[in-house]
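All of the numbers you see were taken from the coordinates with simple rules; none came from a lab. Note that this is a predicted model, so its numbers are computed, not measured. Cβ sites come from the backbone with ideal geometry, for glycine too, and all protein chains shown count toward neighbours.
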Amino acid sequence: MNLKIGVIKGDGIGPEIVAEAMKVLDKTAEKYGHSIEYIQLLMGGASIDVHGVPLTDETIEEAKKCGAVLMGSIGGDAKNSPWYKLEPSKRPEAGLLKIRKALNLFANLRPAVLYDELKGACPLKEEITEGGFDMLIMRELTGGLYFGERKTVEENGVLTAYDSLTYNENEIRRIAKRGFDIAMKRRKKVTSVDKANVLDSSRLWRKVVEETAAQYPEVTLEHMLVDNCAMQLVKDPKQFDVILTENMFGDILSDEASMVTGSIGMLASASLNETKFGLYEPSGGSAPDIAGQGIANPIATILSAAMMLRYSFDLDREADAIEAAVEKVLKDGWRTGDIMSDGKEKTGTAGMGDLIAANI
Ligand code: NAD
C-alpha cells in the first residue's frame with residue numbers, strides 16, 4: 001500500500017518528536033511492504049514565520065489530498081515569543097482551530113493507557129491500577145456549548161451571561177457511529193456519558209446513541225451520568241473501553257483520564273471526520289521549556305502514528321506492531337527523563353525512537 005501522509009512538524013519539541021515517529025513509520029513500512037510519501041505542511045508558529053499566518057488555505061488544500069496528517073505540537077512560550085504579540089486570530093493555536101473546522105474534524109479520540117511498567121507515575125492506589133488500564137475517550141469536537149450562541153447583556157442593571165448547548169440528531173449520530181466503529185476494533189464496550197437526568201440535549205444524545213447501538217449487536221452499551229463518570233475514572237478506570245461523550249464533558253473527562261495515567265509524554269490523540277481522514281498528534285503541547293535539548297518523550301507521537309495506521313489506513317497489524325514495540329522497550333527498562341524512575345535506563349528523544357524502531 002502507498003500511504004500519503006501530511007506532516008506538520010510544528011513548533012518547540014514538534015520537529016524532534018515527529019522525526020522519531022517518521023523513523024518508526026519508515027521501519028514499519030519497510031517490514032510490512034508499504035511505501036510512504038510524506039508531504040511537508042506548515043502550521044502554527046512555523047507558518048507565521050514564513051507566511052505571516054498560522055495556516056494558509058493552500059496548506060489546507062494540500063492536507064486534503066493526504067490520507068492522514070501527522071502533527072507535532074504547535075505554539076510557543078506565550079510570555080516571550082513574538083507570535084503572541086499578534087492578535088488572537090493570527091497566533092499559532094488559531095491554525096489548529098482553522099484546520100479542525102476546514103477538515104470537519106468532529107471526532108476527537110484520546111486514549112488513556114496505563115502501562116503496567118509505568119504504574120509508578122499513576123497517582124491512584126496500586127490496588128486500583130494493578131494490571132494497568134486502557135480506555136479511549138471519544139469526544140464530539142465541533143458542537144455543543146463551545147459552539148452555541150453566547151451573549152452577555154445587562155438586565156435591570158445586572159450583567160447576565162448566556163451560553164447555549166445545542167446538538168441536532170445528525171451531529172450525535174455521526175459521532176455515535178464513529179464511537180461504535182472504534183469499539184468494534186477494541187474490547188466492544190461503549191460507555192455513553194451524558195446528563196440525561198437534567199439536560200434535553202443529553203436526552204436526545206441518549207436516544208440517538210441507543211438507536212445507533214442497535215446496528216452494533218456485538219457492542220455492549222451502557223449509559224453513565226457525567227458526575228458519576230468523573231468519580232468512576234479514579235475509582236475503577238479498568239471498567240472503561242470507549243467513553244463516548246459530548247464536547248464539554250469530553251474536554252473535562254479526557255484531561256482527568258490523562259492525569260490518571262501520570263505521563264503526558266505517553267498520550268496520543270486523533271481527530272477524525274466522516275471519511276477515513278484524520279489528524280494525529282500527541283496530547284501534550286510544544287513544551288518550549290525543553291525544546292532543542294533532545295530530551296522530549298516521542299512515545300505519544302509514535303503512538304499517534306500507530307493510531308493513524310489503524311484508523312485512517314486500516315493497517316491494524318502494523319499499528320499493533322508499533323504498540324507492541326513501545327511496550328517491549330518500556331519492559332526492557334528504557335525511559336526518557338519525564339517517565340524516569342529508579343533502576344531504569346535513561347535515553348533521549350532519538351535514542352527512544354531508535355529503540356522502538358529496532359523492535360518493530
Ligand atoms: P505542554 O504540554 O507543552 O508542557 C507542559 C509540561 O509537560 C512541560 O513541563 C513540558 O516540558 C512537559 N512535556 C510536554 N510534552 C512532553 C514530552 N513529549 N516529553 C517530555 N515532557 C513533555 O503545555 P504548555 O507548557 O501549557 O504549553 C506550551 C505550548 O504548547 C503553548 O504554546 C500551548 O498553546 C501549546 N499547546 C499546543 C497544543 C497542540 O498543539 N495541540 C496542545 C497544548 C498546548
* With a 10 Å Cβ neighbour count serving as the proxy for reagent exposure, in which order, fewest first, do 301, 56 appear? -> 56, 301
* Structure fact -> Note on the chain: contact order normalised by length, alpha-carbon pairs under 8 Å, 6 or more apart, percent, works out to 22 percent
* Most mobile of 109, 315, 25 per a Gaussian network model of the chain (Cα springs, under 10 Å)? -> 315
* **segment 192-253 versus segment 275-298: alpha-carbon centroid distance in Å** => 29 Å
* To do: Can you put 139, 100, 91, 317 in order of Cβ neighbours within 10 angstrom, beginning with the fewest?
  => 317, 100, 91, 139
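Apply 1/(1 + (r/R0)^6) to the Cβ-Cβ distance of residue 293 and residue 197, taking R0 = 30 Å, and write down the FRET efficiency to the nearest 0.05.
About 0.05, to the nearest 0.05.
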* What are the GluC sites (Glu not before Pro) within segment 145-185 that DSSP puts in a loop, where the Cβ has at most 15 other Cβ atoms within 10 Å? -> 149
* For 153, 113, 209, what's the fewest-to-most ordering of other Cβ within 10 Å of each Cβ? -> 153, 113, 209
* Contour minus Cα-Cα distance for residue 210 and residue 236 (0.36 nm per residue) -> 6.9 nm
* Structure fact -> So for segment 123-260, using the alpha carbon gyration tensor with a ≥ b ≥ c as root eigenvalues (a/c under 1.5 gives rounded; past that, a/b versus b/c decides prolate or oblate), I'd call it oblate
* Asked: Under a plain spin-label model, where a point goes 7 Å from the Cα along Cα-to-Cβ, how far apart in nm are residue 35 and residue 181?
  -> 2.8 nm
* **Whichever lysines have a C-alpha closer than 18 Å to that of residue 119, once near sequence neighbours (fewer than 8 apart) are set aside** => 235, 238, 328, 331, 344, 346
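Between rounded, prolate and oblate, where does segment 166-240 land on the alpha carbon gyration tensor, with a ≥ b ≥ c its root eigenvalues, rounded for a/c under 1.5, else prolate if a/b exceeds b/c?
oblate
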* Structure fact -> Normalised per residue, the volume inside the convex hull of the alpha-carbon atoms of the chain in Å³ amounts to 155 Å³
* Most fluctuating residue given options 54, 298, 111, as computed from a GNM of the chain linking Cα atoms under 10 Å -> 54
* How big is the charge dipole of segment 229-322 about its Cα centre, in debye rounded to the nearest 20, if each Lys and Arg gets +1 on its Cβ and each Asp and Glu gets -1 on its Cβ? -> 180 debye
